[in-house]
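Before any comments, here is the structure.
The values are calculated or read from the model by the stated rules, or taken from the named source; none is laboratory data. These numbers come from a predicted model, not from an experiment. Because the Cβ atoms are built from the backbone with ideal geometry, glycine has one as well, and the counts that use them run over all protein chains shown.
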C-alpha cells in the first residue's frame with residue numbers, strides 16, 4: 001500500500017507544472033467586442049465590455065463610443081411576457097431597441113429593459129434595473145432604476161477622493177502593495193505590507 | 001424674496017440626508033468620514049439643496065467639498081450670487 005502511495009506522490013511531483021496564464025484583459029475585450037459585432041451589436045470605439053448577455057436580438061443594441069459595460073450586465077431586447085397573449089395570437093412576440101450614448105458606464109449586474117435609451121455621460125449603478133429614457137449626465141441606481149442626480153458630481157467626488165489612484169498601468173503586485181499600505185492591511189504573515197519588498 | 005441666507009434650512013437638509021439632528025452638525029465635520037456618507041449621498045444632498053433652496057451648485061466645487069463648513073460656504077456663495085442676479 002505504501003509503495004502505491006509513494007508511486008502516486010512521485011508521479012504527481014514529476015508532472016510538468018502548468019503556468020497560470022496571465023490574462024490580457026485588453027485582448028479579451030477586443031475579442032469579445034469582435035464576437036458581439038459579428039452577432040450584430042453596434043459598438044462604438046474605445047468601449048470596455050465585460051458581458052456577452054445581449055439577449056436573443058443583439059442587433060437591437062447600440063452602444064456609443066467609450067461605453068463601459070461591467071460583468072453580469074444584461075441587455076433585454078424582448079419582453080417574453082408576450083407569451084401570455086398566445087392563446088389568441090399564437091406567434092406573438094414583443095421587442096424593443098436599447099441605445100446607450102457615448103461615455104456612459106453601466107455597473108455590475110445591471111439590467112437594461114427593452115425600449116431603453118440611456119444618454120451620454122451617464123452612470124448606471126450596480127444592480128440597477130433601467131427602462132425608459134435616461135437623459136445625458138444622469139446617475140441611475142436601484143430597482144426600479146431612479147435618476148438620483150448628475151453623474152458628473154460622482155466623477156468630481158471620485159477625482160478628489162484619496163482612494164483614487166493613477167494605477168491602471170501598474171503591475172498586479174505593485175498595485176497590491178500600494179493598496180495594502182493605503183488601507184492599512186496587514187498580511188497573514190503579520191508584517192505590514194509597507195515593510196515588504 | 002428673503003434677503004437673509006437660510007442657514008437653518010440648509011442644515012435641516014444636510015441632517016435629513018445624513019439621518020442626523022441639525023443641532024449636532026458642526027463646521028468641522030467631514031461629510032464622508034464623520035457623517036458616514038459616500039459619493040451617492042453627496043449627489044442626493046446636492047439635488048435636495050438645489051431643489052429646496054433654488055440654487056445651482058457647481059459640480060467642480062462640490063467635488064472638492066470635505067466638511068459641513070465648506071458646504072455651507074459654497075451654498076451661501078451661490079445663494080448670494082443668485083440673489084444679486086435676481087435683483
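Is it the case, given these coordinates, that residue A:114 is under 26 Å from residue B:48 (Cα atoms), touching a residue at least 12 places away in the same chain (Cβ under 8 Å) and either part of a loop (DSSP other than H, G, I, E, B) or more than 14 Å from every other protein chain (Cβ to nearest Cβ) (or both)? Break it down into steps so the answer makes sense when it comes.
Numbers: under 26 Å from residue B:48 (Cα atoms): no; touching a residue at least 12 places away in the same chain (Cβ under 8 Å): yes; either part of a loop (DSSP other than H, G, I, E, B) or more than 14 Å from every other protein chain (Cβ to nearest Cβ) (or both): yes.
No; evaluated as a whole, the condition is false for this residue.
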Could you list, in sequence order, all residues of the range A:46-75 that are out of contact with any strand residue (DSSP E or B) (no Cβ under 9 Å at 6 or more places or on another chain) and in a strand (DSSP E or B)? none
Could we say that residue A:104 is touching a strand residue (DSSP E or B) at 6+ places or on another chain (Cβ under 9 Å), closer than 30 Å to residue B:64 by Cα and buried (at least 16 other Cβ atoms within 10 Å of the Cβ) here? yes
Tell me, yes or no, whether the range A:151-167 has at least one residue that is in contact with a strand residue (DSSP E or B) (Cβ under 7 Å, 6 or more places away or on another chain), in a loop (DSSP other than H, G, I, E, B) and within 14 Å of chain B (Cβ to nearest Cβ). no
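Given the condition surrounded by 14 or more Cβ atoms within 10 Å (Cβ to Cβ), at pLDDT 95 or above and away from chain B (no Cβ under 11 Å), answer yes or no: does some residue in the range A:181-188 qualify?
Checked the range A:181-188: at least one residue is surrounded by 14 or more Cβ atoms within 10 Å (Cβ to Cβ), at pLDDT 95 or above and away from chain B (no Cβ under 11 Å).
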It is to be established whether one or more residues within the range A:133-147 are buried (at least 17 other Cβ atoms within 10 Å of the Cβ) and either part of a loop (DSSP other than H, G, I, E, B) or on the phi > 0 side of the Ramachandran plot (or both). yes
